[in-house]
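The values are calculated or read from the model by the stated rules, or taken from the named source; none is laboratory data. Just so we're clear, the structure is a prediction, and the values are computed from it rather than from any experiment. Neighbour counts are summed over all protein chains in view; Cβ atoms, including those assigned to glycine, are modelled from backbone coordinates with ideal geometry.
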Amino acid sequence: MTPRAFLLTLLLIGIGCTPAQTRAAATQAETWVSPHALQLEEQAKVALLPFPQQVHWGDGALDVNGRQLQLSGEVGPMLQTAMHDYLAGSTPGGDTLPVLCQYQADALPPEHAAEGYILTINADGITLTAAREAGLLNGFQTLRQMLATGKGKLPYCHITDWPAFRYRGYMQDCGRNFRSVERLKKELALAAQLKVNLFHWHLTDYPAYHIESKVQPKLNAPEFRTRDKNDTYSFDQIREVFAFAAARNITIIPELDMPGHSAYFTRAFGFSMHSPQGMQIIGELLDEFCREIPAEICPIIHFGADEVRIPNAPEFVDFVTKKLQSHGRIPMQWASNRDLPVGEHSIEQRWGEGIDMVAKSIIPERIKRKAFDSTMGYANLLDPALLVRRYFFMRPCGSAAGDDKKLGSILCIWPDGKVDDKSIIPGACAMWPGMMAMAERAWKGGGADGDHLPLEMPATTTTPGRAYALFEERMQALRHTQFADEDFPVWPESALSWTVVEPVPANQADAVRQQVLSGHLGSGLRTRNAYCANLYVRTRPETGYLGIFPHARPGQVVWAITTLHAAQAGKQKFMVGFDAPARSNRRWTGVPHKGEWSQTGTRIWLNGTELKNPRHYKLAGQHKHPGNAWNFEYPLDREEIWWVQEPIEIELRAGLNTFIIEQPYAGEHHSWGISLIPVR
C-alpha cells in the first residue's frame with residue numbers, strides 16, 4: 001500500500017474549529033507561493049526530489065521492465081562513476097535501455113550552464129543534454145529517481161532543470177564522533193543522488209585531532225583524546241574521500257576548528273592555541289595539511305573560529321587567514337555574535353540559536369561577502385519533522401536564488417554527545433529527511449519566506465499545505481527505494497488535524513479535563529485548530545521558543561483532540577512522543593516510568609478510556625536533565641529518542657476513534673510537544 005493510499009484509510013478529522021479560524025489560517029498560509037505549479041507535481045507518475053525547475057509531461061511511457069541502462073555519446077568520468085553506483089549489486093544482462101548523452105554549449109542560458117541539464121523521454125528513447133559534465137550527472141540522477149519510483153515505467157517528459165543556488169551541502173561532525181571512511185563514502189554516494197554537491201567535513205573538536213600529523217605526532221596519541229582514542233584519518237584516507245566525492249561532483253570543505261573547541265590541544269601541549277607557542281604549532285599543522293591535501297582538490301579550508309573569546313582575536317584571525325591564503329586557499333569561518341570576527345577575505349557560514357532562530361534566516365541586504373546559510377536549525381537540535389518543515393519553507397540566504405555572495409545552504413549534523421553505536425546518528429539527527437528538505441529548497445529556490453509555517457502548519461486545502469503533503473509523498477517514495485537501507489525518522493503527517501485547547505494553569509486542569517472529556521469544548525474554553533501529526537506547543541529556549549504558544553509558561557497544561565476513521569477494527573502502529581531531547585546538552589524530561597507516556601504527566605484517552613504506555617523501558621524513570629549537561633560522556637541511548645524506536649501498537653475500533661491527549665509543561669528543559677503519527 002502506498003503512503004497516500006494508507007493515509008486515505010485513516011480519515012483524520014479536526015473538531016471544534018470555527019469557519020472564521022479556518023479562513024484566517026488559510027489567508028495567512030496563502031502568502032507562501034510554491035516555486036512550481038503543484039499540478040505538475042500531482043501529474044507526475046514518479047517521485048523527483050528536488051522537483052525540476054521546468055517539466056512538461058507527455059502522454060505515454062517507456063516500458064523499462066527487465067531492461068538495463070546503456071549510456072552512449074559523451075560519457076565522462078562522472079557519468080561512468082554514476083553508472084557504476086547505479087549498477088552496484090545488480091545482475092548484468094537482459095535488454096538494454098539506451099540513453100544518449102550529449103554536450104550542447106547553448107542548451108541552457110549561461111547562468112544555468114554549470115549544472116543545468118535537459119532530459120527528454122519519448123517514443124524515440126532517452127536523451128540527456130547539458131553544457132558540462134556536472135549537468136549530465138544531474139540529469140542522470142533525475143533519471144535514476146524515475147527508474148526507482150516509476151514502477152517499471154518512464155513517463156514521457158521534457159525536463160529543463162538547474163539549481164537556484166550554487167551549493168547544496170551537509171556537514172558531519174567527525175571531530176566529536178569519528179565516522180569510518182566506508183560510512184562517509186556511502187553517505188556521499190546517497191547524497192549525490194539528491195544533487196547535493198558539498199560536504200563540510202568537521203574533522204577536529206574538543207575530544208581529538210583526528211587528522212594524521214607527522215609534524216606533531218603527539219596530537220594523534222590516544223592519551224590526549226577523550227573519544228575514539230585510536231581513530232585517525234591518514235592523509236591517504238582523506239585524499240581517498242576527496243577523490244570519491246569529486247567523482248560524484250561533491251566539493252569537500254574540511255574544517256580544522258580553532259582556537260575554540262580545542263581542549264585536545266591544551267591537553268597535549270599544556271598551552272592554548274591562541275598563545276604565541278600555540279599559533280606557531282597551528283601554523284605548522286596548516287602547512288602540513290595544505291602540503292598533503294592540494295589546493296586543486298581542496299580550494300576552501302574552514303578554520304572554525306566559533307564559540308570562543310580570546311584577547312588577540314584580530315591577530316589570530318589575520319594569522320590564520322594569511323597562512324591559508326599563502327597556500328592558495330579561501331578561508332572560511334563560522335559567523336554569529338558568539339564567534340571571532342570574520343576575516344576580510346573569509347567566506348562566512350551563518351548560524352544562530354535562541355531568539356536568532358525565530359528571526360528570518362538571513363536578511364539579504366546584510367550579506368556583504370560570500371556566505372553559506374546554516375541558520376535553519378541544526379539536525380541534532382530540532383525534532384525531525386520540525387527540521388524538515390523549516391528547511392522546506394524557508395529560503396536559503398533569505399533569497400529566491402543565489403548569486404556570487406549567496407552561495408547556498410549547509411545542513412549541520414552535530415551528534416555532540418558521545419555515541420558508541422554510530423549507526424544511530426543518521427536516525428537520531430534525521431539526516432536524510434533533513435537533507436532532502438535542504439536539497440529541495442536550495443535547488444528549487446523560492447519566491448517567498450514561510451518562516452511562520454513550520455509552527456503554524458496550514459491545512460492541505462491551502463497552497464503551502466498541499467505543497468508540503470506532496471513533498472512528503474516524494475520523500476516517502478525515495479525512503480522506500482533509494483534510501484531503503486537508511487534510518488528515516490519522518491513519516492507522512494499532513495493528513496492529521498487537531499483541536500487544541502489553549503494552555504491553562506495546572507490548578508485549573510481538573511475542571512478543564514472534565515470539560516474536554518465530556519466533549520463540551522464550547523463552554524468557555526478557548527480552542528484553535530492545528531494541522532499535522534507533530535504539534536509543537538513551545539520548544540526549549542535554545543531553539544528560540546518556537547511553537548504554537550511561544551509565550552506559554554511552565555506549570556501550564558494543554559489538550560489536543562483528533563479523530564481517526566479506521567476502515568476496520570484492529571491494531572494500528574503509531575509513533576508517539578512528547579519531547580525532543582537535545583542531542584547536544586541533553587536537556588529533556590527523561591525516559592518514562594513503567595506504564596507512563598512521559599515523566600511530565602502526559603495522559604492519553606482513546607474513545608473515552610485512558611491508555612497506558614505498553615512499551616517496556618530498561619531505563620525507565622532515568623536520564624531526566626532539567627539543566628544543561630554539556631558533553632556527557634555516557635552514550636546516548638535509543639530509549640532517549642522516541643523516533644528511533646519501534647512503533648507502538650494501539651487497538652482501534654471500526655469507524656471513528658477519538659484521541660484526547662493532555663500534556664503538562666514541565667519547564668524550559670522540556671521541548672513541549674505532542675506527536676501521534678499513524679504509520680504503515
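Identify the residue in the range 537-567 that is among the polar types (S, T, N, Q) and at pLDDT below 95 and, among all such residues, is surrounded by the most Cβ atoms within 10 Å (Cβ to Cβ).
If we take residues in the range 537-567 being among the polar types (S, T, N, Q) and at pLDDT below 95, then THR539 is surrounded by the most Cβ atoms within 10 Å (Cβ to Cβ).
For the range 52-82, name all the residues that are modelled with pLDDT of 95 or more and of a type in the set (A, V, I, L, M, F, W, C).
The answer is VAL55, TRP57, ALA61, LEU62, LEU71, VAL75, MET78, LEU79, ALA82.
Out of curiosity, is ALA114 of a type in the set (A, V, I, L, M), crowded, with 18+ Cβ neighbours inside 10 Å and modelled with pLDDT of 95 or more?
It is false that ALA114 is of a type in the set (A, V, I, L, M), crowded, with 18+ Cβ neighbours inside 10 Å and modelled with pLDDT of 95 or more.
Give me a count of the residues in the range 219-228 that are assigned to a helix (DSSP H, G or I), out of contact with any Ser or Thr (no Cβ under 6 Å at 6 or more places or on another chain) and surrounded by 14 or more Cβ atoms within 10 Å (Cβ to Cβ).
1
Within the range 264-274, is there a residue that is buried (at least 20 other Cβ atoms within 10 Å of the Cβ), closer than 26 Å to VAL342 by Cβ and under 31 Å from the mean Cα position of the chain (by Cα)?
yes
Any chance you could count how many residues in the range 257-274 are touching a residue at least 12 places away in the same chain (Cβ under 8 Å) and over 14 Å from THR204 (Cβ atoms)?
Residues in the range 257-274 being touching a residue at least 12 places away in the same chain (Cβ under 8 Å) and over 14 Å from THR204 (Cβ atoms): 3 in total.
Looking at (1) at pLDDT 95 or above; (2) surrounded by fewer than 21 Cβ atoms within 10 Å (Cβ to Cβ); (3) in contact with a Phe, Trp or Tyr (Cβ under 8 Å, 6 or more places away or on another chain), can you tell me which one ARG615 breaks?
The single condition ARG615 does not satisfy is (3).
I need the full set of residues from the range 329-350 which are modelled with pLDDT under 90 and surrounded by 14 or more Cβ atoms within 10 Å (Cβ to Cβ), in order please.
SER336, ARG338
If you scan the range 50-88, which residues turn out to be over 27 Å from the mean Cα position of the chain (by Cα), closer than 30 Å to GLY169 by Cα and of a type in the set (Val, Ile, Thr)?
VAL75
Please return the ranges of helices (runs of 4 or more DSSP H) entirely within the range 353-447 where 1 or more residues are at pLDDT below 95.
Those helices (runs of 4 or more DSSP H) span 384-393, 425-428.
So ARG179 passes all but one of these: (1) in contact (Cβ under 8 Å) with a residue 40 or more places away in the chain; (2) more than 26 Å from TYR233 (Cα to Cα). Which condition number does it fail?
Only one criterion in (1) in contact (Cβ under 8 Å) with a residue 40 or more places away in the chain; (2) more than 26 Å from TYR233 (Cα to Cα) is unmet by ARG179, namely (2).
Which one of these does HIS261 not meet: (1) crowded, with 21+ Cβ neighbours inside 10 Å; (2) not in a loop (DSSP other than H, G, I, E, B)?
So the condition that HIS261 fails would be (2).
Out of all the residues in the range 302-328, which are surrounded by fewer than 22 Cβ atoms within 10 Å (Cβ to Cβ), of a type outside the set (Gly, Ala, Ser) and either modelled with pLDDT under 95 or outside any helix (DSSP H, G or I) (or both)?
Within the range 302-328, ASP306, GLU307, VAL308, ARG309, ILE310, PRO311, ASN312, HIS327 meet the criteria.
Suppose the filter is touching a residue at least 40 places away in the same chain (Cβ under 8 Å), over 24 Å from ALA37 (Cβ atoms) and part of a strand (DSSP E or B); does LEU119 pass it?
Taking the combined requirement at face value, the residue does not satisfy it.
In the range 535-557, what residues are under 20 Å from PRO626 (Cβ atoms), out of contact with any helix residue (DSSP H, G or I) (no Cβ under 9 Å at 6 or more places or on another chain) and of a type in the set (A, V, I, L, M)?
VAL537, ALA552
What is the residue count in the range 229-252 for residues that are outside any loop (DSSP other than H, G, I, E, B) and polar (S, T, N, Q)?
2
Across the range 28-42, what is the total count of residues that are outside any loop (DSSP other than H, G, I, E, B) and loosely packed, with under 13 Cβ neighbours inside 10 Å?
The number of residues fulfilling the criteria is 2.
Would you confirm whether or not the range 186-194 contains a residue that is without any contact (Cβ under 8 Å) to a residue 40 or more places away in the chain, assigned to a loop (DSSP other than H, G, I, E, B) and over 20 Å from SER374 (Cα atoms)?
The answer is no; no qualifying residue exists.
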